[in-house]
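First up is the structure itself, then whatever we jot down about it.
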Amino acid sequence: MRPDPQNRLDSRAITVWSLTALLSVAAPLALGTAVCAVLWVLGVLDPIVPSIAALLTAVVAGVVVGVAPRVRYARWRYEVNDDEIDLREGVWIVRRTLVPLVRVQHVDTHAGPMMRRFGLAGVKIATAATVHDIPALSVEVADGLRRPHRRTRASGGRGCLTPRAPSRAGREGCTSRS
Amino acid sequence: MSDASGTVPRGPRRVHKSFIALQTMKAWRQLVWIVVVEIGLVGSSRVPVYLAILGFVLLALIVGPGLAVLRWYRFTYELTARELHVHQEIVFRKQTFIPGRRVHAVDVSAGLVERLLGVVKVSVQTAGGSTEAPEAVIEGLTLGEAELLRGALLGMRSTGARPEGARSYSDATEQIAAPLNEFRGLLAGDPSEVGEPDFEYRLDTKGLLLAATTSGRTWIVLGAGIGFGSQALELFGGGAVFDRIGALGLVAGIALAAGLVVVSWAAAALTTVSAYLGFAVRRRGDRLEIERGLVEHQVVSLSLDRIQAVRIHQGFVRRLFGYCEVHVDTAGFSAKGAEAQQTHTVLHPFVRLDEAPALIDAALPGFVDRPALTGLPRRAMVRYVLRWAAPVTLAALLAGVLVPGGWGWLGLIGVWLAVFAGVADYSTAAWGLSRGTLALRTGLLSITVRCLPRRRLQTLAYSQDPLQRLARLASARAAIISGGSGRTVMLSHVDAAHAYAIRDWYDPGSQRGPAAG
């Protein structure tokens with residue numbers, strides 16, 4: 001059995017994931033709780049309803065905002081070397097995937113507004129049959145993975161995914177960044 | 001139309017004029033429905049019905065053939081030294097250029113009327129083509145022209161005349177099927193010689209009949225029949241029929257059901273015979289040809305490069321007799337057969353299990369080998385049984401509590417069935433590795449063995465949930481190309497050490513031999 005891949009995602013991913021969870025899950029829950037509270041003040045609802053709502057909101061928000069992004073970050077590992085991409089991901093079900101570089105068809109980077117704000121980008125690696133996503137890397141590392149240059153030894157696994165593509169002048173990316 | 005020279009003539013060419021007739025018939029077939037609907041609408045207005053019908057008939061007589069003539073006139077194809085050009089459509093002209101070296105497959109098919117006429121439809125596919133449709137479709141080619149075009153596109157060289165008496169038809173269906181296969185219709189022209197194949201297999205009578213009687217399609221036909229029948233009855237106010245069925249009583253009801261099953265079985269057998277009569281697999285160099293069909297006759301060609309995996313499937317009935325069918329998973333578009341087989345192609349519809357490996361080796365030389373299969377560790381059985389039994393148990397308990405009178409507890413019988421299912425599932429599951437092939441066996445009543453060549457695997461993964469980690473188990477997943485997208489083949493609850501071994505076997509970094517089983 002090979003050792004686990006070594007590289008982690010960018011640690012700013014925790015912040016981005018927490019903020020995203022806050023906006024998409026916690027905020028609506030808090031709003032719902034607030035509505036319950038107002039209804040209780042108006043005397044429509046029993047006080048038990050807003051209290052349960054508040055408790056639920058606190059627990060769910062704590063998990064999705066506080067815990068889940070950290071665990072996800074802690075579990076995510078990747079490594080790119082001369083022959084293959086090695087991915088390990090998953091909180092409950094841990095999955096380890098091996099993608100030979102010769103199977104890689106194209107590599108995209110993607111970043112939503114929140115990711116851009118924090119200087120992060122995700123990398124999507126497509127084979128003829130599957131798509132794999134490394135969800136949050138710094139823009140420089142992500143670009144390094146995407147650019148068609150052979151990685152250097154010193155880059156510590158932050159190499160390029162398309163080693164055989166022709167290189168273009170003036171795009172000397174994908175050098176060591178450590 | 002036949003050119004004795006044996007080459008496709010230069011310059012843009014139109015297809016045969018029978019195209020016009022075929023297109024007109026096609027247009028009428030569509031018009032009939034419109035007319036039926038329209039008559040309903042007209043019936044409620046003041047226009048006399050006969051006038052309306054007359055109008056529609058005139059319209060059909062003018063518009064249908066008119067459009068067909070125009071389409072025929074504007075449809076040309078041309079084979080240049082390097083490309084196939086197809087120009088088509090009346091107003092929005094569409095031009096397709098296909099470089100010859102990009103052509104992956106040229107399929108030839110013909111419906112009943114087309115067969116009588118001796119004209120065919122040629123579908124040209126390339127590697128990068130969409131999965132929905134072939135790159136170019138040329139309808140209304142005479143068979144002779146189609147053969148020349150196909151030969152030119154696939155770069156098949158004629159190697160002289162077929163040896164005399166090369167085919168001897170000893171078998172009863174072959175005596176029927178062979179002339180039908182070689183039936184060239186009225187306009188086909190001379191056959192084009194393509195030389196002897198490297199390998200040829202034909203399905204014999206016994207195989208065809210057994211395949212027909214054991215096809216697992218009885219239930220599909222029955223379901224479709226019941227669905228269609230009830231729709232039709234509802235449409236024509238058949239409530240009385242339902243009432244009468246309800247009044248039949250138990251014995252008559254069972255007899256009716258049994259009768260329906262027998263009829264569906266016969267129908268399934270007939271469609272299988274019709275689909276596979278004259279079935280033949282040939283290999284010429286690195287290209288497979290699969291020919292079949294009584295009414296709708298088709299010759300599918302497959303470049304061996306496109307084949308991604310081999311699947312040996314045993315339906316429950318066939319498993320009892322020790323027979324199986326062999327499929328291949330292919331990349332890209334493949335012809336939709338009568339049963340909408342989109343992504344896998346039947347390499348053989350009915351072969352003895354112990355003869356399948358020899359067949360695969362002959363049809364796809366060096367593609368896969370036969371690793372010995374290893375079962376799963378004993379501790380995996382619990383997981384398989386739980387997977388089946390847990391939801392059933394839960395449902396049974398709920399039913400027991402909720403259903404009044406205690407009848408719900410009968411659901412616990414289902415738990416036993418689920419346990420048996422789990423054990424069967426567990427004992428079928430197996431894997432095997434050889435130097436170049438990963439084999440996975442799964443199934444419950446029916447059994448499927450997939451042989452995945454290492455050089456065709458796209459990715460390999462294994463996953464573990466916490467319980468699997470405790471029990472030192474893991475699920476192995478291999479992704480292959482199938483049709484236009486991917487397919488993941490999975491084997492759950494393998495010994496974790498074996499999952500690591502499978503991964504190491506695939507690892508391009510570790511150039512080891514076959515991993516320890």
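The values are calculated or read from the model by the stated rules, or taken from the named source; none is laboratory data. What you are looking at is a predicted structure, and each value in this text was computed from that prediction instead of being measured. FYI the Cβ positions are ideal-geometry reconstructions off the backbone, even for glycines, and counts take in every protein chain you see.
Flag not set for A:ALA111, criterion: of a type outside the set (Val, Ile, Thr), touching a helix residue (DSSP H, G or I) at 6+ places or on another chain (Cβ under 6 Å) and more than 14 Å from every other protein chain (Cβ to nearest Cβ).
Just to be sure before I move on: is A:ASP82 within 14 Å of chain B (Cβ to nearest Cβ) and among the acidic types (Asp, Glu) in the structure I sent? The answer is yes for A:ASP82.
Out of curiosity, is A:LEU87 surrounded by 15 or more Cβ atoms within 10 Å (Cβ to Cβ), of a type outside the set (Gly, Ala, Ser) and within 14 Å of chain B (Cβ to nearest Cβ)? The answer is yes for A:LEU87.
The rows are residues; the columns are (1) basic (Lys, Arg); (2) assigned to a strand (DSSP E or B); (3) within 8 Å of chain A (Cβ to nearest Cβ); (4) touching a strand residue (DSSP E or B) at 6+ places or on another chain (Cβ under 7 Å).
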position: B:GLY422; (1), (2), (3), (4): no, no, no, no
position: B:ARG441; (1), (2), (3), (4): yes, yes, no, yes
position: B:LEU445; (1), (2), (3), (4): no, no, no, no
position: B:ALA461; (1), (2), (3), (4): no, yes, yes, yes
position: B:ALA474; (1), (2), (3), (4): no, yes, no, yes
position: B:ILE480; (1), (2), (3), (4): no, yes, yes, yes
position: B:VAL494; (1), (2), (3), (4): no, yes, no, yes
position: B:TRP505; (1), (2), (3), (4): no, no, no, yes
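Is it the case that B:VAL449 is crowded, with 21+ Cβ neighbours inside 10 Å and more than 14 Å from every other protein chain (Cβ to nearest Cβ)?
Details: crowded, with 21+ Cβ neighbours inside 10 Å: yes; more than 14 Å from every other protein chain (Cβ to nearest Cβ): yes.
So B:VAL449 fits the description; yes.
Name the single residue that is modelled with the lowest pLDDT among those in the range B:204-249 being in a loop (DSSP other than H, G, I, E, B) and under 22 Å from B:SER274 (Cβ atoms). Looking at the filtered set, the residue picked out is B:GLY216.
Listed here are the strands (runs of 3 or more DSSP E) enclosed by the range B:57-140 that have at least 1 residues being free of Cβ contacts under 8 Å to residues at least 12 places away in the same chain and not hydroxyl-bearing (Ser, Thr, Tyr): B:94-99. Within the range A:4-15, the presence of at least one residue that is within 14 Å of chain B (Cβ to nearest Cβ), surrounded by fewer than 13 Cβ atoms within 10 Å (Cβ to Cβ) and closer than 30 Å to B:ASP495 by Cα is confirmed. When A:ARG77, A:ARG116, A:ARG70, A:ARG103 are screened for being more than 12 Å from chain B (Cβ to nearest Cβ) and over 18 Å from A:VAL141 (Cβ atoms), only A:ARG70 passes. Please determine, by comparing only the residues of the range A:119-139 that are at the interface with another protein chain (Cβ under 9 Å from one of its Cβ atoms) and of a type in the set (Ser, Thr, Tyr), which one is nearest to A:VAL16 (Cα to Cα). Only one residue tops the list, namely A:THR130. When A:THR57, A:THR20 are checked against the criterion of being touching a Gly at 6+ places or on another chain (Cβ under 8 Å) and not assigned by TED's automatic domain parsing to the domain that holds A:ARG117, a single residue qualifies: A:THR57.
Against the criterion of being within 10 Å of chain A (Cβ to nearest Cβ), buried (at least 21 other Cβ atoms within 10 Å of the Cβ) and either over 25 Å from A:VAL94 (Cβ atoms) or hydroxyl-bearing (Ser, Thr, Tyr) (or both), B:THR437 does not qualify. The residue list A:VAL94, A:VAL123, A:VAL102, A:VAL71 contains one member that is of a type in the set (Val, Ile, Thr), at pLDDT 90 or above and surrounded by fewer than 17 Cβ atoms within 10 Å (Cβ to Cβ), which is A:VAL71.
Residue check: A:SER51 meets all listed conditions (1) surrounded by 14 or more Cβ atoms within 10 Å (Cβ to Cβ); (2) in contact with a helix residue (DSSP H, G or I) (Cβ under 7 Å, 6 or more places away or on another chain) but one, namely (2).
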